[in-house]
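Have a look at the structure below, then the notes.
The values are calculated or read from the model by the stated rules, or taken from the named source; none is laboratory data. As the structure is a prediction and not an experimental result, all values here were calculated from the model. Glycine gets a Cβ as well: all are built from the backbone with ideal geometry, and neighbour counts include every protein chain shown. Protein only, heavy atoms only, side chains kept; ligands, DNA and RNA dropped before computing areas. Shrake-Rupley method; radii C 1.70, N 1.55, O 1.52, S 1.80 Å.
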Amino acid sequence: QGKVNKPVVAWVSGTCARLFKSEVQFGHAGAKSGGEMESAQAKNQALRDAGAVVPTSYEAFEIVIKETFDKLVEQGKITPVKEVMPPQIPEDLNNAIKSGKVRAPTHIISTISDDRGEEPCYAGVPMSSIVERGYGVGDVISLLWFKRSLPRYCTHFIEICIMLCADHGPCVSGAHNTIVTARAGKDLVSSLVSGLLTIGPRFGGAIDDAARYFKDAYDRGLTPYEFVEDMKKKGIRVPGIGHRIKRGDNRDKRVELLQRFARTHFPSVKYMEYAVQVETYTLSKANNLVLNVDGAIGSLFLDLLAGSGMFSKQEIDEIVEIGYLNGLFVLARSIGLIGHTFDQKRLKQPLYRHPWEDVLYTK
C-alpha cells in the first residue's frame, strides 16, 4: 500500500516443514499451516511481491541486510554511524585462576599443613606416610611446630615432656580452676580453658623465660654467681629455679628423669649443665631453690635445638621468643585438665564452695 518507505528485510522461518511427511507445528502458539498459502514459502513470496527484501534462505539473511544498508548509504539516504568498540568483558576470576592467568590475593598463609589433595599433609609429609612409618605424637609436633622431621631422640624427648607435664595433681591452680568449673556444670571446653588461662609466669609459663634467661647468661659467658646476682639486682626471680614442695634433699623426680635421658641421648647438654651449676649456687642460699621442671625443660630444649644441628642461631632465638616451649606445657597439661573434667563429671560432683575455715576473715 506504500505506507512503509523504509526497506524491509524479512524472512519467514519454517521452510523445512515440506521435508516432513506429516504436518508439523511451526509458529506462534502451535499454529499449523493448513493450505499452501499458509506455508513459509508462500509467505516469503508474498513479502517479496509486496516489495520486501527476502533472501533465498535463512543463511543469506545477514548478507541481504548488509547489501540493503550499503545501497542506502550509496543513495545518501543514511549516514553510517562510527562503530564503537564495546568494552571488553573481564574474564571470570574463577576461570582465570584455573587457567593460571591470575593469582587471587590471599588472606591467610599456611606453611605447616595442606588438606587440598587426596590426603592431608603435615609439613609436606602425607598422612599415610606418618602412619606407615610409625610416627608418634612427638613426630607430629616436630612436623607441625618445627616444619621438619627431628631425630628420634628429639621427638622421644618431646613425648617424655608431655607425659611428665600432663598432670600434677588436683591442687595446682590450673587443675583447681578446671575442677571448680566442671562442678559448676560447664562443658568440657569451658572447663579446659578455665584451667589453661592460669598458665603464665607463675604456673607453667616459666619454661620460655627459663630458656631465655639461661641462654642469654650462658652465651654471654656469665658465671652462675654473676647471673643470679645480676637477676637479683634487677629484682627478677630466676625462672626455672624454686619449688613450693621440692627441696635440695627431695628433688623433683621429673627433673631427674629428663636429665638422665638427655645425658644418655643428647649430643650436648651445655645449657642443662649450666642450669645445674646455677642450681648449685641457689641451693647455697635456700634449700627450696632447686631446678624445677620448667627450668629443666627450658634448658634441655635449648640443648635439643642447638645439638641437633637442624636450627640456626636465629631460628633458636625465634623459637624461644615466639613461645614454643610454653606451647609444650599447654599441650601436655591439657591432657590432665581434660582428665580432671571427666573425673568430676563421672563422679557427679556438686557445685564447689570453698570452706569458711580455709579463709582468713579480717577487718
Quick check, is Gln344 on the phi < 0 side of the Ramachandran plot, polar (S, T, N, Q) and surrounded by fewer than 13 Cβ atoms within 10 Å (Cβ to Cβ)?
-> no
Restricting the search to segment 238-251, which residues are part of a loop (DSSP other than H, G, I, E, B) and either more than 26 Å from Glu226 (Cβ to Cβ) or among the β-branched types (Val, Ile, Thr) (or both)?
-> Val238, Arg244, Ile245, Asp249
Which one is surrounded by the fewest Cβ atoms within 10 Å (Cβ to Cβ), of the residues in segment 120-165 that are at negative phi, in a loop (DSSP other than H, G, I, E, B) and over 16 Å from the mean Cα position of the chain (by Cα)?
-> Arg133
Restricting to segment 263-305, what's the tally of residues that are open to solvent by 30 Å² or more (accessible area, probe 1.4 Å), over 21 Å from Leu222 (Cα atoms) and modelled with pLDDT of 95 or more?
-> 4
Across segment 170-205, what is the number of residues that are at positive phi and modelled with pLDDT of 95 or more?
-> 1
Please work out which residue is nearest to Ala211 (Cα to Cα), limiting yourself to segment 306-341 and to residues that are open to solvent by 50 Å² or more (accessible area, probe 1.4 Å) and in a loop (DSSP other than H, G, I, E, B).
-> Ser312
Show the residue pairs that are 6+ apart or on different chains and have beta-carbon atoms under 7 Å apart, the first residue being within segment 303-316 and in the same structural domain as Arg260 (by the TED database), the second being open to solvent by 70 Å² or more (accessible area, probe 1.4 Å) and at pLDDT 95 or above.
-> Asp303/Lys270; Gly307/Pro267
From Thr111, Thr106, residue being part of a loop (DSSP other than H, G, I, E, B), among the polar types (S, T, N, Q) and touching a residue at least 24 places away in the same chain (Cβ under 8 Å) = Thr111
Would it be correct to say that Lys32 is farther than 30 Å from Gln1 by Cβ, open to solvent by 100 Å² or more (accessible area, probe 1.4 Å), at pLDDT below 90 and not polar (S, T, N, Q)?
-> no
Could you pull out the residue among Val24, Val73, Val54, Val81 that is more than 30 Å from Asp139 (Cα to Cα) and modelled with pLDDT of 95 or more?
-> Val54
